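Trainee: Below: one structure in structure tokens.
The values are calculated or read from the model by the stated rules, or taken from the named source; none is laboratory data. Worth saying up front: this structure is predicted, and the values here are computed from it rather than measured. In this analysis, Cβ positions are derived from the backbone assuming ideal geometry, glycine residues included, and neighbour counts consider all displayed protein chains. Quick note on the areas: whole protein, heavy atoms, side chains included, nothing else; ligands and nucleic acids left out. Shrake-Rupley method; radii C 1.70, N 1.55, O 1.52, S 1.80 Å.
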Amino acid sequence: MRMSRMLVIVMLFSLISAACSSTTTNNTVNTPSNTPDSGKKIVTLDFMGWEASPLETESVKKGLALFMEQNPNIKVNYQPVPGAQYAQKLLTMLAGNAAPDVFFLGATEYRSFQERDVLLDLTAQFELDMSLSDFIDSSAEIMNIDGNIYGVSSCTVSPVLYYNKDVFDKENISYPPSDPAKAWTWDEFREAAKKLTVKEGDKITQYGAFGLENFYMTSAEILSNGGSLFNADGTKMAINTPEANEVMQSILDLRVKDEVSPTAKTLESVGMKANQMLQTGKVAMVVDGSWALQELATMDFPVGVAALPSFQKSTTHGQAHVHSASKNTEHPEEAWKLLKFLSSEEYQIGLINEGLWMPNRRSLYTEEGIKKWYNEAVHPEGFKEMVMFFAEAEAYPFTLITENKVIDIINEETDKLWYAGQSVDDTLANIETRSNVELAK
Amino acid sequence: MNAENRLTAPSVPMRGPTPVSGKPSKLKKLLHKDGTWAFLLLLPNILGFLAFTLIPVFASFALSFTAWDMLSPMQWVGLSNYTQLANDETFIKVFWNTIYFAGVSVPAGIVISLFLAVALDQNIRFKKFYRAAFFLPVVSSMVAVAVVWQFIYNPEYGMMNFFLDKIGIRGPDWLTSTVWAMPAVIITSVWKNLGFNMLIYLAGLQGISEDYYEAADIDGARWHQKFLFITVPLLSPTTFFVTVMSFISSFQVFDTVFLMTQGGPARSTSVIVHYLYENAFKYFSMGYASAMAYILFFMVLVITLIQFWRQQKWGIH
């Protein structure tokens with residue numbers, strides 16, 4: 001028996017050591033083929049992104065083919081993975097020392113990953129090849145961490161107001177203006193929503209508006225009312241203000257008091273998305289992210305895009321994922337080449353003219369620049385008047401903090417507000433106290 | 001197994017006196033033992049168990065005394081994760097949610113599956129069809145089940161409220177109500193797991209001798225007396241098994257919640273494993289999540305011990 005035990009132990013060890021040695025040999029085999037020691041060797045870059053939409057994946061692949069043509073010594077190995085749990089997967093790969101060389105990184109994760117010291121510092125090359133002033137303010141503010149750059153974005157996206165022109169024509173109501181300077185006030189928006197709501201018996205067959213009970217959208221209206229989410233350096237929550245209170249109450253009243261808005265989760269749970277409700281005329285106006293235009297434009301109904309209803313000033317917020325490189329990449333130079341390409345006009349235009357993205361480069365907001373991407377088949381009438389709405393957007397507040405528990409606390413407390421009758425006062429007070437505990441950690 | 005081994009592996013000699021030719025080496029002797037072969041054949045499984053179960057179990061116990069985000073160096077924090085848990089409002093909420101879930105779904109699941117098993121043990125037509133039908137949810141994918149039940153619970157178009165409406169009840173907004181979301185999740189979960197318990201009860205029922213019922217008939221017992229004084233007591237070992245297993249699995253419930261409500265609205269359906277998952281893979285607090293896992297482990301342990309103790313007290317064997 002003692003011998004058999006010995007044997008098992010020996011076999012265990014030999015198996016474990018075999019497993020270990022096989023991985024080490026793999027590494028040593030891989031390394032030389034990847035090092036550009038002779039100058040002619042082809043460098044392979046692993047590039048990971050998420051599948052946001054088939055179109056996006058397609059465009060990324062198209063862009064990468066172009067990049068490889070321009071840089072014949074670099075081979076990019078693109079691996080798109082499902083968007084859900086992307087950050088977890090990336091972090092696990094980084095922890096296991098198996099991270100891709102270059103990867104997408106959500107703007108809201110960017111600072112917390114940088115804090116963990118896993119991102120390659122790109123500042124030196126960035127300053128050689130481009131400048132923060134090439135980018136619109138919101139993008140520049142997000143990329144810049146204490147004067148250093150660890151990721152470069154390719155675009156920006158913002159909440160906007162979509163509407164179905166047919167429904168407006170039917171009710172004989174003028175369209176919401178796309179020019180942000182002429183944006184509807186909240187009261188004008190509310191009045192229109194009331195007029196656009198149609199009741200048959202006690203059943204509502206057509207709702208006026210939908211979408212604001214999603215904190216991504218809600219926060220844009222809070223900014224519009226001069227409110228804020230955090231203090232200036234992002235160390236404390238500063239949401240418990242009369243400005244935020246007014247916005248939350250107004251949004252709640254829209255559904256509960258005026259009955260011109262359906263509940264979000266009800267419709268989501270039958271698989272009916274906001275854009276389908278808009279398409280079928282079940283809802284006249286929908287607040288959604290600007291990326292939705294790509295799909296809406298293909299849905300065969302007259303869609304309009306307008307500036308968000310404004311409280312004190314007409315504004316929205318902007319953010320978009322950045323492309324970063326792993327701190328441990330063996331090919332920092334090639335990685336930078338790819339990152340640079342991914343932020344180039346050349347690359348972004350393909351996705352902008354499909355309606356999925358908006359440019360993050362100032363050069364694409366000039367009259368000349370707009371011509372490069374404007375697409376009549378996608379961008380509705382009046383869209384050109386609206387472009388500065390994106391260019392002048394404020395940075396999405398959650399991109400400037402590192403504690404990702406805060407958004408969950410906010411969702412939990414606003415759930416209580418929207419669905420369980422918690423008052424706006426309590427909601428904001430709870431968000432502030434609970435989030436500050438997390439932010440103080 | 002042994003017999004088969006002997007057939008397929010003729011190199012393994014049978015037990016008993018082996019023809020000895022000189023002094024066999026120690027290795028040879030070892031290879032002649034059945035135990036050695038059993039060990040070798042089990043080795044892949046044992047290695048898997050060690051690498052993916054046993055070692056992680058101990059590692060996570062150690063982790064529960066640290067603060068670790070997978071990237072930064074681990075920090076020993078002693079019991080602070082546990083003291084923090086005791087003061088974490090959210091944890092206390094998900095703790096009670098877990099008790100609520102298990103406390104309702106386990107008894108409900110057992111009672112319903114017992115009745116089903118007894119009903120399907122009678123000589124009724126299409127018995128096999130019914131058995132298969134009730135077992136089908138068990139083997140269905142939870143993802144598909146969750147999607148279907150989300151439709152059923154839809155307050156405007158869903159079947160649930162349609163039928164409630166027929167009997168004059170205005171159904172709630174099931175999954176978006178902080179009050180009704182948990183009952184909705186429990187109903188789905190009970191329905192999904194009914195077939196498994198039913199099957200075990202059916203097996204248990206086969207083990208009860210007909211003699212008891214015949215004797216009871218002679219004594220003039222009614223059907224409910226037979227059920228209460230014969231079926232239920234004689235099924236006790238089965239009930240014990242089913243209870244323990246159901247409690248363990250309902251303390252560990254995750255997929256139902258994650259797929260149907262993501263713990264919402266306002267954390268009303270968030271359970272320990274869901275919060276644990278969030279801490280580990282969303283907030284990257286591995287140590288804190290491990291501490292939660294051990295609290296859960298002790299909950300399961302306590303429940304199991306209580307049941308063993310009760311079992312002995314009742315003298316069930």
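Trainee: Heavy atoms only, probe 1.4 Å: what % of the accessible area of chain A goes to carbon and sulfur, would you let me know?
Mentor: The C+S portion of the solvent-accessible surface of chain A is 50 percent.
Trainee: Find the sum over both chains of the accessible area lost when A and B are paired, probe 1.4 Å, and report it in Å² to the nearest 100.
Mentor: The contact between B and A buries close to 3200 Å².
Trainee: Another one. Leaving out ligands and nucleic acids, and using a 1.4 Å probe, what accessible area per residue does region A:101-163 come to in Å²?
Mentor: 31 Å²
Trainee: Going by the alpha-carbon gyration tensor, a ≥ b ≥ c the square roots of its eigenvalues, is the protein assembly as shown rounded (a/c under 1.5) or, if a/c is not under 1.5, prolate (a/b greater than b/c) versus oblate?
Mentor: Oblate shape, in that a/c is at least 1.5 and b/c is the bigger or equal ratio.
Trainee: How much net charge surrounds B:Gln84 when only the other residues with a Cβ under 13 Å from the Cβ of B:Gln84 are counted, with Lys and Arg +1 and Asp and Glu -1?
Mentor: Every neighbour counted, the sum reads -2.
Trainee: Where a Cα-Cα gap under 17 Å defines reach, which lysines qualify for A:Lys182, not counting those fewer than 8 residues away within the same chain?
Mentor: Reachable lysines: A:Lys313, A:Lys384.
Trainee: With +1 on the Cβ of every Lys and Arg and -1 on the Cβ of every Asp and Glu, and nothing else charged, how large is the dipole of region A:73-136 about its Cα centre, in debye rounded to the nearest 20?
Mentor: Charge dipole, region A:73-136, about its Cα centre: 360 debye, nearest 20.
Trainee: Quick one: Karplus J couplings for region A:397-405, per residue in order, coefficients 6.51, -1.76, 1.60, θ = phi - 60°, nearest Hz, x for Gly and Pro?
Mentor: The phi angles translate into x, 5, 6, 9, 10, 10, 9, 7, 6 Hz.
Trainee: Right, next: B:Met245: accessible area at probe 1.4 Å, nearest 10 Å²?
Mentor: The value for B:Met245 is about 90 Å².
Trainee: Need the full-extension length gain, B:Lys28 to B:Leu54, defined as separation in residues times 0.36 nm minus the C-alpha distance. One decimal, nm.
Mentor: Answer, rounded to one decimal: 6.2 nm.
Trainee: Ordering B:Trp149, A:Trp373, B:Trp191 from largest to smallest accessible area (1.4 angstrom probe), what's the sequence?
Mentor: The residues order as B:Trp191, B:Trp149, A:Trp373, largest area first.
Trainee: Where does each of A:Glu127, A:Glu376 land when they are ordered by accessible area, with a 1.4 Å probe and the largest first?
Mentor: A:Glu376, A:Glu127
Trainee: Give me D for chain A in µm² s⁻¹, whole number, from Stokes-Einstein with Rh from the Kirkwood sum over alpha-carbon pairs, 20 °C and 1.002 mPa s.
Mentor: 90 µm²/s
Trainee: Given Cβ point charges of +1 (Lys, Arg) and -1 (Asp, Glu) and nothing else, what value in debye, to the nearest 20, does the dipole of the protein assembly as shown about its Cα centre take?
Mentor: Result for the protein assembly as shown is approximately 4280 debye, rounded to the nearest 20.
Trainee: If DNA, RNA and ligands are ignored and the probe is 1.4 Å, what is the ranking of A:Arg111, B:Arg131, B:Arg222 by accessible area, most exposed first?
Mentor: Ranking A:Arg111, B:Arg131, B:Arg222 by accessible area, largest first, yields B:Arg222, B:Arg131, A:Arg111.
Trainee: Starting from the Cα of A:Asp166, move 7 Å in the Cα-to-Cβ direction to define the label point; list residues of region A:288-329 whose amide nitrogen is under 16 Å from there.
Mentor: The answer is A:296-304, whose backbone nitrogens lie closer than 16 Å to the label point.
Trainee: At a 1.4 Å probe radius, carbon and sulfur cover how many percent of the accessible area of chain B?
Mentor: 69 percent
Trainee: Show that you can apply the helix-only estimate: for chain A, add -39,500 (n - 2.57) for every DSSP H stretch of four or more residues, divide by all residues, and state [θ] at 222 nm to the nearest 500.
Mentor: Result for chain A, helices only: -14500 deg cm²/dmol.
Trainee: A further question on this structure: Just to be sure I understand the model, the point goes 7 Å from the Cα along the line to the Cβ. What's the resulting B:Phe229 to B:Ala132 distance in nm?
Mentor: Spacing of the two 7 Å Cα→Cβ label points: 4.0 nm.
Trainee: Hey, another quick one. Could you point to the residue in B:Val57, B:Leu79, B:Ser113 farthest towards the positive end of region B:48-133's charge dipole, with +1 and -1 charges on the Cβ of Lys/Arg and Asp/Glu respectively?
Mentor: Value computed over the given set: B:Ser113.
Trainee: Which listed residue (A:Val406, A:Phe189, A:Ser261) has the Cα farthest towards the positive end of the charge dipole for the protein assembly as shown, taking +1 on Lys and Arg C-beta and -1 on Asp and Glu C-beta about the Cα centre?
Mentor: Of the options given, the answer is A:Val406.
Trainee: Quick check: residue separation of A:Gln312 and A:Lys41 times 0.36 nm, minus the Cα distance between them. What number comes out in nm?
Mentor: So the extension gain works out to 91.7 nm.
Trainee: Counting only DSSP beta bridges with both residues in chain A, what percent are antiparallel, rounded to the nearest 5?
Mentor: Just about 60 percent of them are antiparallel.
Trainee: How much accessible area per residue does chain B have, counting only protein heavy atoms and a probe of 1.4 Å, in square angstrom?
Mentor: Spelled out: the 1.4 Å probe surface of chain B, per residue, equals 59 Å².
Trainee: Follow-up. In the protein assembly as shown, what percentage of the DSSP-assigned beta bridges are antiparallel, given to the nearest 5?
Mentor: Close to 65 percent.
Trainee: What lysines sit close enough to A:Lys194 to cross-link, taking a C-alpha to C-alpha distance under 17 Å and skipping anything fewer than 8 places away on the same chain?
Mentor: Qualifying lysines at Cα under 17 Å: A:Lys165, A:Lys170, A:Lys203, A:Lys257, A:Lys282.
Trainee: Each residue of region B:174-184 in turn: what ³J(HN,Hα) in whole Hz from Karplus with 6.51, -1.76, 1.60 and θ = phi - 60°, glycine and Pro shown as x?
Mentor: My calculation for region B:174-184 gives 2, 7, 9, 9, 5, 8, 9, 4, 5, x, 4 Hz in order.
Trainee: Work out which residues of region B:277-304 lose at minimum 30 square angstrom of accessible surface when the other protein chains are put back, relative to the chain isolated, with a 1.4 angstrom probe, and list them by number.
Mentor: The answer is B:Tyr277, B:Phe281, B:Lys282, B:Tyr283, B:Phe284 - residues whose exposure falls by at least 30 Å² when every protein chain is included.
Trainee: Moving on to the next point. Any chance you could run the full-extension gain for A:Met299 through A:Lys371? It's 0.36 nm times the residue separation minus the Cα-Cα distance, nm to one decimal.
Mentor: In short, 23.5 nm is gained.
Trainee: Further question on the same structure: Heavy-atom accessible area of B:Phe163 with all protein chains present, probe 1.4 Å, nearest 10 Å²?
Mentor: Approximately 120 Å² for this residue.
Trainee: Also, I was wondering about something else. Rounded to the nearest 500, what is chain B's calculated 222 nm mean residue ellipticity when only DSSP H runs of at least 4 contribute -39500 (n - 2.57) each, over all residues?
Mentor: Rounded to the nearest 500, the figure is -21000 deg cm²/dmol.
Trainee: Sticking with this structure for a sec: With +1 assigned to the C-beta of every Lys and Arg and -1 to the C-beta of every Asp and Glu, and no other charges, what is the dipole magnitude of chain A about the Cα centre in debye, to the nearest 20?
Mentor: So the magnitude is around 1400 debye.
Trainee: Per residue of region A:100-116, what does 6.51 cos²θ - 1.76 cosθ + 1.60 with θ = phi - 60° give for ³J(HN,Hα)? Whole Hz please, x for Gly and Pro, Karplus curve as stated.
Mentor: x, 5, 10, 8, 5, 8, x, 4, 6, 9, 3, 5, 6, 6, 4, 4, 7
Trainee: Considering chain B as a Gaussian network with a 10 Å cut-off on Cα pairs, which listed residue, B:Thr53, B:Thr178, B:Thr231, attains the greatest mean-square fluctuation?
Mentor: B:Thr53
Trainee: Which entries of A:Lys195/B:Lys166; A:Lys327/A:Lys372; A:Lys236/A:Lys337; A:Lys195/A:Lys273; A:Lys75/A:Lys273 show an alpha-carbon separation above 27 angstrom in the structure shown?
Mentor: In this structure, A:Lys195/B:Lys166; A:Lys327/A:Lys372; A:Lys236/A:Lys337; A:Lys75/A:Lys273 exceed 27 Å between Cα atoms.
Trainee: Can you list the residues of region A:64-106 that have at least 50 square angstrom less accessible area with all protein chains present than in their chain by itself, probe 1.4 Å?
Mentor: A:Gln88, A:Leu91
Trainee: Can you send over the solvent-accessible area of B:Asp165, 1.4 Å probe, protein chains only, in Å² to the nearest 10?
Mentor: Using a 1.4 Å probe on the heavy atoms, I get roughly 100 Å².
Trainee: With the other protein chains left in place, how much accessible area per residue, in square angstrom, belongs to region A:297-381 at a 1.4 angstrom probe?
Mentor: With the other protein chains kept in place, region A:297-381 gives 40 Å² per residue.
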